[in-house]
Amino acid sequence: MGSVPHKGARFHRYLFSGLIALTLGFRLGAIVLIRPAPVIDEPIHLQAVQQFGPGLPALAQLRDYPSATGPFFYALFGNLGALFGYSLTVFRLGIFALALANLLLFCRILKRLLPTDNPLPAVALLATAPYFPALAGVFMTEHLALFLGLAALLYYLRFRDTGSALDAVLSLLFATLAIYTRSYFIFLPAAFAIADIAARRSSSIVPRSSFFVLRSSLLGAALWLLPILAFLPMALLWRGLAPPSYQHMYHPGFQWQNASSLFIWTGIFFLPWVWRKLRPWHLLALLAIPAVLLAPVPGLGITRSALKLLPHPLAVVVACLFGIIGLLWFIRLASLVARPEMQVAAIGALMLVAGLLVSGPAVYERYLLPGIPLMLICARPGTKPGLALAWAGLFQLPVALVHILHLAG
C-alpha cells in the first residue's frame, strides 16, 4: 500500500513534464517551421533595434524613440542583432531561450520558498498560461523583463537566507535592468523593500549579513529602492515613465477599465485557487460588480476577444462573475502577506496590480504576466496536483495553443 502514493506522484510528474514539453515543443515548432511575418509590436521593436544598432546608445537616441519599451531591450538586441544580421527568427529563438530560463528560475524559486511542495504543478501552470508560451516566440519585451525580474527575486531570496552582499548586489542589478526593460517593474524593488520591513519586524526572517548597512531595518529596506532611483535619470530625460512619443498612452492615472480588466483576467486564470477557507468578510469581493459595470469590456487580450463572442447581456454577466472571483483572489493574497514563505510573492503581486491600476489608459492582458509566477507561489498548486493537472491540461493548454496558432497565422 505504501508504494501507491509514490507511483501516483511519479505518474503526475510524467504528465506535468509532458505538458511542459508539449507546450514548448509546439511553440518552438511554430517559430522554426511556420516563421510568420512580424506580429503585434514586432515591427516597432525591429525598427528600434536597428536604430540603436551596436554599441551604446547616444543621449539623443535615448531622449525619444517610437516605442514604450525601455532602452535595455534595444541596447541588448541591437548588439546581438549586429552579429546575426537582425534576423527575426534568431531574435525569436533568443526570446524562446529566455522563456526556458524563466521556467528554470521559477522552479528554483519554488524550491527555495516552498521546499516541501512539488514544484512541477506550478511550473506546468506557468508554462501553459496562454501568454507565457505565446510570447515565448514573439520578439517582444515580456520574457526578457520576466527573466530579469525572476533573477532579481531569486537573488533577493538567497540574500535573505544567507546575508551575502554579492546576492544583494546581483538582486539590485537585475531589478534595475528589469525596470530599464519595462518601467512598470518598479513594483519589484518596492515589494522587496516592503517585504524586508515586514520580515524584520516579525523576526521571522532576519538576514545574517556581514554587509553592515543591511543590519538596520530602515537602511536595509531603503537599499532595495536603489533600482528605482537608478531609473530616475531616464524618467527625468523622458519627463515620464515612457518615451515622449508614447506618453499619450502611458502616463500615471487611475482608470476604471484597468480595475475591471485586472479583476476579470485574474478571476479566469486563478479560478481553481480562490475557494480555500472562505470567510464572511470575503463578501467584499462583490465590490467588483460596480467596477466591472463601469467598464465591462477589458483591455486588449484573449479575454476581450472571447467576451466579444458572447451576446452583450451574457458577456456582462460573465465579466462580473469573473471580476468577483478576481477580487476575491486579491483579497486572499492580502491575507497571505502574513505568511513568511509567501510574503514577498503576495506583496509583489499586489504591488504589480496597484501599479497597473494607475498606469493610464493602455493596460493589456499580457502586462499581468509577471504576476502569474508570484500568484502561483501563493496558490501552492503542488498541494493539489490533480486539480493543477486538469486546469493546465484541459483549460490553459488549449487556450495557449489557439493563441500560438493565431500569432503564427
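The values are calculated or read from the model by the stated rules, or taken from the named source; none is laboratory data. None of these values were measured; they are calculated from a predicted model. In this analysis, Cβ positions are derived from the backbone assuming ideal geometry, glycine residues included, and neighbour counts consider all displayed protein chains. In case anyone asks, the SASA skips ligands and DNA or RNA and just uses the protein heavy atoms, side chains included. Shrake-Rupley method; radii C 1.70, N 1.55, O 1.52, S 1.80 Å.
Please report, in Å, the Rg and the Dmax of the range 1-130, where both are computed over Cα atoms only.
For the range 1-130, the Cα radius of gyration and maximum Cα-Cα distance read 19.8, 71 Å.
What is the distance, in nm, between label points placed 7 Å from the Cα along the Cα-to-Cβ direction at Asp64 and at Ala37?
3.0 nm
Could you tell me, in Å, what Rg and Dmax come out for the Cα atoms of the range 320-374?
11.8, 35
Express the relative contact order of the chain as a whole percentage, based on alpha carbon pairs under 8 Å and six or more residues apart in sequence.
Numbers: 622 pairs, mean separation 89.2, N = 409.
For the chain, the relative contact order is 22 percent.
Nothing charged except the Cβ atoms of Lys and Arg (+1) and of Asp and Glu (-1): what's the magnitude of the dipole of the range 1-138 about its Cα centre? Round to the nearest 20 debye.
On the way: 10 positive and 4 negative charges, 123 e Å.
Dipole size: approximately 600 debye.
Take peptides 178-190, 338-350, 84-96, 62-74 and line them up by average Cβ neighbours within 10 Å, highest first, as a rough protection proxy.
On the way: 178-190: 25.1, 338-350: 21.8, 84-96: 16.7, 62-74: 19.8.
Packing proxy ranking, top to bottom: 178-190, 338-350, 62-74, 84-96.
How large is the translational diffusion coefficient of the range 35-83 in µm² per second when you combine the Kirkwood radius over alpha carbon pairs with Stokes-Einstein at 25 °C and 0.890 mPa s? Don't skip to the answer; put the middle values down first.
Working: Rh = 11.1 Å.
In µm²/s, the coefficient is 222.
If r is the Cβ-Cβ distance from Ala334 to Thr383 and R0 is 25 Å, what FRET efficiency results, to the nearest 0.05?
0.75
Can you pull the accessible area of Ser164 for me, 1.4 Å probe, Å² to the nearest 10?
40 Å²
Could you state the accessible area per residue of the range 255-407 in Å², with a 1.4 Å probe and every protein chain left in place? Don't skip to the end; give the middle numbers.
Details: 6110 Å² over 153 residues.
Accessible area per residue, the range 255-407: 40 Å².
Place +1 on the Cβ of every Lys and Arg and -1 on the Cβ of every Asp and Glu in the chain, take the dipole about the Cα centre, and give the residue among Val363, His12, Pro243 whose Cα lies farthest towards its positive end.
His12
Among Leu150, Leu394, Leu374, which one shows the highest mean-square fluctuation when the chain is modelled as a Gaussian network with alpha-carbon springs under 10 Å?
Sorting by GNM fluctuation, first place goes to Leu394.
Can you give the accessible area of Ile264 in Å² (nearest 10), computed on protein heavy atoms with a 1.4 Å probe?
0 Å²
Of the accessible area of the chain, with the probe set at 1.4 angstrom, what percent is carbon plus sulfur?
71 percent
From the square roots a ≥ b ≥ c of the eigenvalues of the alpha-carbon gyration tensor of the range 271-376, which class results: rounded (a/c under 1.5), prolate (a/b over b/c), or oblate?
It is oblate, given that a/c is not under 1.5 and a/b is not larger than b/c.
Rounded, prolate or oblate: pick one for the chain, where a ≥ b ≥ c are the square roots of the eigenvalues of its C-alpha gyration tensor, a/c under 1.5 means rounded, and failing that, prolate if a/b is larger than b/c, else oblate.
Rounded is the answer for the chain, as its axis ratio a/c remains below 1.5.
Based only on the alpha carbon positions, what is the Kirkwood hydrodynamic radius of the range 330-409, in angstrom?
Working: mean 1/r = 0.0693 Å⁻¹.
It is 14.4 Å.
Could you work out the helix-only [θ] at 222 nm for the chain, with each DSSP H run of four or more residues adding -39,500 (n - 2.57) and the total divided by the number of residues, to the nearest 500 deg cm²/dmol?
Value at 222 nm, helices only: -20500 deg cm²/dmol.
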